[in-house]
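K.L.:
The structure is given below, and queries will be raised subsequently.
The values are calculated or read from the model by the stated rules, or taken from the named source; none is laboratory data. Here the structure is a predicted model, which is why all the values come from computation and not from measurement. Cβ sites come from the backbone with ideal geometry, for glycine too, and all protein chains shown count toward neighbours.
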Amino acid sequence: MARDWEHCYRTGETPWDKGMAAPPLEEMIGRAGPALFRNGPVLVPGCGLGHDVRVIAALGLETLGLDLSETAVALARGIQPAGRESYETGDFLDPAWAAGRRCAAIWEHTCFCAIDPSLRDAYASACAALLDEGGILCGVFYLTPHDPGEEHEGPPFETSIEELERRFSPWFEKIDGWVPAAAYPGREGREWIGIFRRLPHAPVA
Ligand SMILES: C[S@@+](CC[C@H](N)C(=O)[O-])C[C@H]1O[C@@H](n2cnc3c(N)ncnc32)[C@H](O)[C@@H]1O
């Protein structure tokens, strides 16, 4: 059954929210430089309370945090702004939400692993639809949320570097990728930073 994200935020059952931005985001900015975001605007899908949004906005970039949950968005709006950030409630996978919008870069953190795996191609095409040629999709992807043999029901749903490269390959070329040294406690070695650039061809239907 699909997770009721709004219910989770209303009841405070949000174990993924660590009260701070993803440590790999700072690591990526340190390695690639803020120019990776191409002067914005930057979109953060599945932004939750917006911790990552504020790190990017603090670089001076217009940054939009998007989340399905109205409560998450209301909570994010209630936190001291860091710059030119804003928040919206909406479904990243809904082409009607994306229609007519453009961003220079997308930062992903625990949205890809939160959606049902059957929707991963829709996620990749949503990214492609929002970025023009040269646009950047970067993120920290949660590869192995569970130990081998551990009983679990996602989300989070696991993935692999090979799957990520395959899912994004119709629209993106990979330009960098590494296992971050910085991580929330317990996520060490389980994540992968991927940076992809939008290819000039292959329009989204
Ligand atoms: C695991 S949480 C991570 C939130 C945030 N990135 C963090 O680390 O605190 C996944 C988030 O994605 C949001 N989400 C799930 N599917 C979404 C969709 N299709 N469009 C927008 N947000 C979505 C959920 O509401 C939730 O806030």
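K.L.:
Which is crowded, with 16+ Cβ neighbours inside 10 Å, more than 15 Å from the chain's Cα centre (by Cα) and either more than 10 Å from the ligand (Cβ to nearest atom) or part of a loop (DSSP other than H, G, I, E, B) (or both), of 61, 49?
P.N.:
The match here is 61.
K.L.:
Within the set of pairs 6+ apart or on separate chains, which have a first residue in segment 112-140 that is acidic (Asp, Glu), a second that is at pLDDT 95 or above, and C-beta atoms under 6 Å apart?
P.N.:
From residues that are acidic (Asp, Glu), the pairs are 133/198.
K.L.:
If you take the residues of segment 98-112 that are crowded, with 17+ Cβ neighbours inside 10 Å and more than 9 Å from the chain's Cα centre (by Cα), which of them is nearest to the ligand (Cβ to nearest atom)?
P.N.:
98
K.L.:
If we keep just the residues of segment 134-164 that are at pLDDT 95 or above and among the acidic types (Asp, Glu), which is nearest to residue 93 (Cα to Cα)?
P.N.:
163
K.L.:
Of everything in segment 16-45 that's assigned to a loop (DSSP other than H, G, I, E, B) and either surrounded by 23 or more Cβ atoms within 10 Å (Cβ to Cβ) or basic (Lys, Arg) (or both), which residue is farthest from the ligand (Cβ to nearest atom)?
P.N.:
Out of the qualifying residues, it is 38.
K.L.:
So which residues in segment 165-205 are out of contact with any helix residue (DSSP H, G or I) (no Cβ under 9 Å at 6 or more places or on another chain), crowded, with 17+ Cβ neighbours inside 10 Å and under 28 Å from residue 99 (Cα atoms)?
P.N.:
197
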